[in-house]
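The values are calculated or read from the model by the stated rules, or taken from the named source; none is laboratory data. Only a predicted model underlies this, so the values are computations on that prediction, with no experimental measurement involved. As a convention, Cβ positions derive from the backbone with ideal geometry for all residues, glycine included, and neighbour counts pool all protein chains shown. In case anyone asks, the SASA skips ligands and DNA or RNA and just uses the protein heavy atoms, side chains included. Shrake-Rupley method; radii C 1.70, N 1.55, O 1.52, S 1.80 Å.
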Amino acid sequence: MMNMNEQLKDHLKECLRNYFIIVTGINLAMFILGTIFQPDQQFGYDVFLYPLIYGAITSIPNLLMVEKKEPTVKQSIFREIVGVILISAILLAAMFAGKELTGELIIVSCGIVLSVICITALVNIISWVLDSRKAESLTNDLVAFQNKING
């Protein structure tokens, strides 16, 4: 059984790993959405900060949720759905607050929400693959240890 410090340390490592996956996904989403909606747009170097900032904003809910026990599949799915809704709302408010609501803005907003869904799925898939590999490695180590003790 892990103590609270180890559990917190593992949680922070997972959040940091997910942050970098999120930032990579945001960069890809910005490229795709920008190419579709504003292909002639030119940016300064400050645009490189946006994925880092948006990644930090979208990582906050995960950072604050340290679980004492493993959630059920139903709880995890519910948490992901609520997370996507909250993250989408926060990002849309941060990006478009005070702007006039137009048809183009609605289409871009839908693209952003779709991007949030895709990035969330990407983070979950990559995390699952990495966790599965770690679990397999631990299982193999345990089997080798048991064989050493028994053999």
Completion exercise
Rounded to the nearest 10 degrees, the helix 103-150 long axis (Cα) sits at an angle to the longest Cα principal axis of the chain of 10
Problem - Rounded to the nearest 20 debye, dipole of the chain from Cβ charges on Lys, Arg, Asp, Glu - result: 440
Fill in the blank from the handout: Rounded to the nearest 10 degrees, the helix 73-96 long axis (Cα) sits at an angle to the longest Cα principal axis of the chain of 30
Problem - Inter-label distance, nm, simple model (7 Å from Cα along the C-beta direction), Val129/Asn27 - result: 1.7
Exercise for the section: Would you please name the trypsin sites (Lys or Arg not before Pro) within segment 18-113 that are DSSP coil residues with at most 12 other C-beta atoms within 10 Å of their C-beta? Expected result: Lys68, Lys69, Lys99
Handout entry: Anisotropy class of segment 90-137 from Cα gyration tensor, a/c 1.5 cut
Key = prolate
Exercise for the section: Could you check which residue among Ile60, Ile117, Ile77 shows the biggest mean-square fluctuation in a GNM of the chain with a 10 Å Cα cutoff? Expected result: Ile77
Exercise for the section: State in Å² the accessible area per residue of the chain; use a 1.4 Å probe, count heavy atoms of protein chains only, and round to the nearest integer. Expected result: 76
Handout entry: For the chain, alpha-carbon Rg over 2.2 N^0.38 Å
Key = 1.33
Practice task
At 0.36 nm per residue, minus the direct Cα-Cα distance, what do Glu70 and Ala93 gain on full extension? Give it in nm, one decimal, please.
Solution key: 5.1 nm
Exercise for the section: Please get the size of the charge dipole for segment 6-79, origin at its Cα centre, with Cβ charges of +1 on Lys and Arg and -1 on Asp and Glu, quoted in debye to the nearest 20. Expected result: 340
Fill in the blank from the handout: Unit-weight point scatterers at every alpha-carbon of segment 1-43, Debye formula, q = 0.14, 0.17, 0.26, 0.27 1/Å: log10 I(q)/I(0) is -0.51, -0.59, -0.84, -0.87
Completion exercise
Among Ile77, Leu138, Ile21, the residue whose Cα sits farthest towards the positive end of the charge dipole of the chain, when +1 is placed on the Cβ of each Lys and Arg and -1 on the Cβ of each Asp and Glu, is Leu138
Practice task
Sum up the lysine pairs in the chain that clear both bars: alpha-carbon distance under 29 Å and a spacing of 8 or more or different chains.
Solution key: 12
Fill in the blank from the handout: Of Thr120, Thr58, Thr35, the most mobile residue in a GNM of the chain (C-alpha springs, cutoff 10 Å) is Thr35
